[in-house]
Structures are given as C-alpha cells and as structure tokens.
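Please read the structure below before turning to the comments.
The values are calculated or read from the model by the stated rules, or taken from the named source; none is laboratory data. Since this is a predicted model, take the numbers as computed values, not measurements. Virtual Cβ from ideal backbone geometry, glycine too; neighbours counted across all protein chains shown. Surface accessibility is based on the protein's heavy atoms, side chains included, excluding ligands, DNA and RNA. Shrake-Rupley method; radii C 1.70, N 1.55, O 1.52, S 1.80 Å.
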Amino acid sequence: MEQYKQEFIEFMVDCKVLKFGDFTLKSGRKSPFFMNAGSYVTGAQLKKLGEYYAKAIYENFGIDFDVLFGPAYKGIPLSVATTIAFQDLYGKEIKYCSNRKEVKDHGDTGILLGSPIKSGDRVVIIEDVTTSGKSIEETFPIIKAQGDVEILGLMVSLNRMEKGKGDKSALDEIQEKYGFKASAIVSMEEVIEHLYNREYDGTIIIDDALKAAIDTYYETYGVR
C-alpha cells in the first residue's frame, strides 16, 4: 500500500472523520463504522486533505483535465482545497466548480458557482463517500447540460466496499452506468489491513471484536 494511503487512513482517524462503533446510516443500515468528511474543520486539516485527494487524482487521472467539480455541499470545500493542492504539488492550474442546490435568479445567476463549464472541458468529480450513487444521479445531468463536456471520472475518499442499489458496489455501479472511472483514495479493505491488531497512537483501533463486527456487516452488505 502506498505511503500516502497509510498516512491518509491515520489522518481520518486523527480528525475523527472515520469512527468505529454503532451507527445508523442514511440508508437505514446499521454499520460498525462511519465516515463524515464534515469533521475536517481546520485550515491545516483541509490543506492536508486536499493534498491526499490531489495525489490520488494524479495517480488515477493524471493532470490532463480542466475542472474539478464538487457537488454541493460537502464537495465545495473538497474541490477548493484540492485545486489549491494540485497547483502546489504538480504546478497545474485546475479550476473548481460546484452546483447550488437552488438556481440563483439574481446577481451571479445560474446553478453553478466557481468556474463555468464549457464545451471541450474535461472534468473530474470529487466527493467524500458514495454509498448509493444518488449524488451522481443529480450531478451528472448538471455537468452534461453545460455543453460537450467529458467526465473523466469520480474520486471519493473512502470506498465502503458495500452493495449500492444492486449486488455491486456503488462505485462499480457508477462506472458501469456512466462509463467513467470511479476511484477512492483508500478502500475499507485497506483501512482494515492497516489498522487491524496494530497499535496506533497508543491503542488498537480495530481489535478482534470490532473486526468480527465488520466481517458480520460485510456478510450482509459487502461486495467482493
């Protein structure tokens, strides 16, 4: 596993973005782990987060694209932080764009904020985590309505590796439905591999009991 991936797993834990326990997800599933990108709240955290996303995007899509699109609302700070990091790390000026939840009819009108998207643009979409693909269903037509735009792919921070609407993972379903690559900085398999029975910051985060609860969860909801 690449060094930046190991660091990112520990970063999620440090920022209390990735938590373990008993959680009820929006889907109604009872999960032993929960990831919330809204817990990145300081300048230092957002700077590092942008750098991890930039490295993963570079690894998966290179630098040959124009716009980084972050769906409202959590995608807005993700796209801003990552465009800054991309410039710092790779010297490539990427534009950021996001959507509004409601169309604005005065001043800076329209549904987009940040850079306009135009025909010929190559776009990468950035999100925190995708469980059902619902966000992409809303985002895809907005981007495509801007002209002859090529969507290169989607980058999320964590692949939960569980079933979306069918028997495949949400990322696989997105890739199959829309025809573009859907990737993550890390997968839950990598998280477990890195943290299981390994002491970090004085404690073992994933012990045998928690590993058993995660395994039970994946017996019902997991994909292989």
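If you roll a 1.4 Å probe over the heavy atoms of the protein chains, what accessible area per residue do you get for the stretch 3-221, in Å²?
48 Å²
Under a 5 Å amide H to amide H cut-off, with H placed in plane at 1.01 Å, what residues pair with ILE151 once short-range neighbours are removed?
Result for ILE151 returns VAL123.
So what's the angle, to the nearest 10 degrees on a 0 to 90 scale, between helix 75-90 and the longest Cα principal axis of the chain?
So the inclination is approximately 90 degrees.
Sequence-distant or interchain residues sharing an amide H contact under 5 Å with LEU112, placed H: which?
It is ARG100, by chain and number.
Cut-off under 23 Å on the C-alpha distance; same-chain residues fewer than 8 positions from LYS48 excluded. Which lysines are left, in chain and number order?
LYS5, LYS16, LYS19, LYS74, LYS92, LYS95
Considering the options THR216, VAL129, TYR58, tell which one lies farthest towards the positive end of the dipole of the chain, charges being +1 on Lys and Arg and -1 on Asp and Glu at the Cβ, about the Cα centre.
Going by the charge dipole, the pick is VAL129.
Nothing charged except the Cβ atoms of Lys and Arg (+1) and of Asp and Glu (-1): what's the magnitude of the dipole of the chain about its Cα centre? Round to the nearest 20 debye.
On the way: 28 positive and 35 negative charges, 125 e Å.
About 600 debye.
For the peptides 67-80, 178-191, 37-50, what is the packing order when you average, over each peptide's residues, the other Cβ atoms within 10 Å and list the highest mean first? Kindly include the intermediate steps, with their values, before the conclusion.
Details: 67-80: 22.1, 178-191: 19.4, 37-50: 15.8.
Top to bottom by mean Cβ count within 10 Å: 67-80, 178-191, 37-50.
Got a number for the accessible area of GLU51? Probe 1.4 Å, square angstrom, nearest 10.
50 Å²
Given GLY164, PHE8, GLY110, which one lies farthest toward the positive end of the charge dipole of the chain, if we put +1 on the Cβ of every Lys and Arg and -1 on the Cβ of every Asp and Glu?
GLY110
Relative to the first principal axis of the alpha-carbon coordinates of the chain, what is the inclination of helix 208-221, with its axis defined by its Cα atoms, in degrees from 0 to 90 and to the nearest 10?
Result, in degrees: 50.
Roughly what angle does helix 3-14 make with the longest principal axis of the chain, taking Cα atoms, 0 to 90 degrees, to the nearest 10?
The helix 3-14 is inclined about 80 degrees to the chain.
Just the number, please: carbon plus sulfur as a percent of the accessible area of the stretch 3-221, 1.4 Å probe, no ligands or DNA/RNA counted. Can you show the working numbers first?
Working: 5180 of 10490 Å².
Accessible surface attributable to carbon and sulfur in the stretch 3-221 totals 49 percent.
Taking the Cα of THR220, stepping 7 Å toward and past its beta carbon, and measuring to each backbone N in the stretch 140-181: which are under 17 Å?
161-167
Using only the alpha-carbon atoms of the chain, report the extent along each of the three principal axes, biggest first, to the nearest angstrom.
For the chain, the Cα extents along the three principal axes come out at 54, 37, 31 Å.
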